[in-house]
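The values are calculated or read from the model by the stated rules, or taken from the named source; none is laboratory data. In this text, all values refer to a predicted model and were calculated from it rather than measured experimentally. A quick note on method: Cβ atoms are made from the backbone with ideal geometry, for glycine too, and the neighbour counts reach across all protein chains shown. Calculation scope for accessible area: heavy atoms of the full protein, side chains included, ligands and nucleic acids excluded. Shrake-Rupley method; radii C 1.70, N 1.55, O 1.52, S 1.80 Å.
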Amino acid sequence: MGLENYSSGAITSIQRQAYDHIFMGNDVNKSVDDVLHFEECTHQKIINLELIYEYICQLASFRALYPRISDNIKSYVSYAIYHKSFVHSQRAVDMQWLNGILSVNRANELGSNAWYFKRRLFYSALNIKDYAGLLSNAFLQDKNDKSKQLFDFVSGQFDITALMLEGEHDFVYSLSGKEEFLRYINYLIHFYPSLIHEEDFLGKVYNVLIYNKDLSDYTYDNGEDVVSESFLHYNQKSIRKVKAIGKSEGIHFI
């Protein structure tokens, strides 16, 4: 599916999620391949070295979590140099941006032990107050594990966006009944409103939520409910949020 009707703000949101996927994930090469596959499916250019440079400049605020990001940046530069066929006329420009990325990374490394990751970003990203019932106790109690959980959460958001936009799978079926999808919606509202305000994308989100609602009628063979009451409660809250966004954009859902 093409994204030619998506706004520039929505495309920027997708790019930022893709860069989070690359630089906060566990496997840089795989993450880059994921993004390149997304480009192929949607006919939308996502990887842009100038934008990546700007993104890296902003990562200094991740101070205490920066060592892992730094390793990923170095892996990405190596990937870009040795696995990408530069257009000859652009090679010098691309190398300039890659060298700039490494320079910014070195500067960020110098302050990597100065701060702890901003608490406001961490808590508002996951909206712990609203979604405490959907988060594991280990996630909230183990301070040492929070950085890994945060990386996994943030880097994983692009996977959901890609699933919804690549058009290769039944995204409604794949995402239904998943608690992480509810957190994903909340994350978009807080950090990527341009994307969730896109009519086509908002409609996709709404379709998953309505399918979730229908799951209340189903049980497993052992009689256990397919989804919990807590899940249905937060799903209904998400429906109300999506309808409110739609109303603000002149979009009305049944």
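Values for this structure:
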{"quantity": "Single residue of S103, S136 found to be among the small types (G, A, S) and either modelled with pLDDT of 75 or more or under 21 Å from F38 (Cβ atoms) (or both)", "calculated": "S103"}
{"quantity": "Criterion: modelled with pLDDT under 90, open to solvent by 20 Å² or more (accessible area, probe 1.4 Å), in a helix (DSSP H, G or I) and within 29 Å of V32 (Cβ to Cβ) - qualifying residue of D200, D152", "calculated": "D152"}
{"quantity": "Considering residues of the stretch 244-254 that are free of Cβ contacts under 8 Å to residues at least 12 places away in the same chain and open to solvent by 80 Å² or more (accessible area, probe 1.4 Å) only, the residue farthest from D214 (Cα to Cα)", "calculated": "K247"}
{"quantity": "Close pairs (7 angstrom Cβ cut-off, 6 or more residues apart or separate chains): under 17 Å from D20 (Cβ atoms) in the stretch 143-172, exposed (fewer than 14 other Cβ atoms within 10 Å of the Cβ) and modelled with pLDDT under 85 anywhere", "calculated": "L165/M1"}
{"quantity": "Checking H169 against (1) open to solvent by 80 Å² or more (accessible area, probe 1.4 Å); (2) over 19 Å from the mean Cα position of the chain (by Cα); (3) not acidic (D, E), the condition it does not meet", "calculated": "(2)"}
{"quantity": "E180 vs. criteria part of a helix (DSSP H, G or I), at pLDDT 50 or above and either among the acidic types (D, E) or open to solvent by 60 Å² or more (accessible area, probe 1.4 Å) (or both)", "calculated": "yes"}
{"quantity": "Flag if R240 is among the charged types (D, E, K, R), within 16 Å of the chain's Cα centre (by Cα) and not in a loop (DSSP other than H, G, I, E, B)", "calculated": "no"}
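Residues checked against (1) assigned to a loop (DSSP other than H, G, I, E, B); (2) surrounded by 20 or more Cβ atoms within 10 Å (Cβ to Cβ):
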site	(1), (2)
S13	no, yes
A18	no, yes
G25	yes, yes
S31	no, yes
E39	no, no
